[in-house]
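Please read the structure below before turning to the comments.
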Amino acid sequence: MHLRPVDLVPEIRLYLAEDPTLLWARLEAAAGQRLLAPFWASAWPGGQALARYVLDNPALVAGRRVLDIASGSGLVAIAAARAGAASVVANDIDPYASVAIEANARANGVPVTCLSDDLLDGEAGDGVDADVILAGDGLYEETLAARVLAFLSRRAARGELVLAGDPGRGHAVSGLLERVAVYEESALGPAEDHQNSQTAVFRMRRPAPPDPRRSAGL
């Protein structure tokens, strides 16, 4: 792991792995058990785009409470803190991610609180207060994307600002998400994402209120 600037967000430095797969094997060997993939050891393109967008538009988070889900390395959470957020909670279920986020936040001189509970379902997530919800590259797999989008939709329905980054993995539902920025950058993040030259930032649309005429049977 080496501390180095992030390609699209050079203002921020992260501890990143040269070879995440090799790191994963070494961690599993040391632990003697299967572990979650070390997503926290890479700066994923969706997260880079969202972090860039937040830093370029600090008024979105300045003075506000921010919750960053599927935080990984903490890149987006750190960007929010640097942009002047009143408080930042970085959420990731991998305990190794919490260690990485704390180390990366210290390296960048910003305060970030880590939370490892699964917030996507039920009262745990809905009970975390925030004004802004950020999700950098959390739509990378169909089943997880469905859970993430459901959570983001619930938070948007509460009137919170919800932003997500995605490099075109195919799970960003157009009816729910409005594209607000596009970054034309190649070779962002791990090699598996280098075929995507375009990474977007989306805003979750606030669901329309129910039609009272329908509930009345009209």
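Using alpha-carbon positions, what is the distance between the centroids of the stretch 6-61 and the stretch 92-155, in Å? Centre-to-centre distance over Cα atoms comes out at 13 Å.
What longest range of the chain stays clear of loop-exposed GluC sites (Glu not before Pro) (DSSP non-H/G/I/E/B, at most 13 other C-beta within 10 angstrom)? Value returned for the longest uninterrupted segment is 19-140. Each Lys and Arg contributes +1 and each Asp and Glu -1, all at the Cβ; summed about the Cα centre of the chain, the dipole is approximately 640 debye. FRET efficiency for the pair Arg158 and Asp56, taken as 1/(1 + (r/R0)^6) with r the Cβ-Cβ distance and R0 = 22 Å, rounds to 0.30.
Computed over the chain with a Gaussian network model linking Cα atoms closer than 10 Å, the most mobile of Thr21, Thr113, Thr199 is Thr21.
Extension gain for the segment Gln33 to Ala86, taken as residue separation times 0.36 nm less the Cα-Cα distance, is 15.2 nm to one decimal. Rounded if a/c is under 1.5, else prolate if a/b is larger than b/c, else oblate: which is the chain, with a ≥ b ≥ c the root eigenvalues of its Cα gyration tensor? Prolate, since a/c reaches 1.5 and a/b exceeds b/c.
Bear in mind these aren't lab numbers, they're just calculated from the coordinates by the rules spelled out. Predicted, not measured: the structure shown is a model, and the values here were computed from it. Don't worry about glycine lacking a Cβ; one is built from the backbone with ideal geometry, like all the others, and counts go over all protein chains shown.
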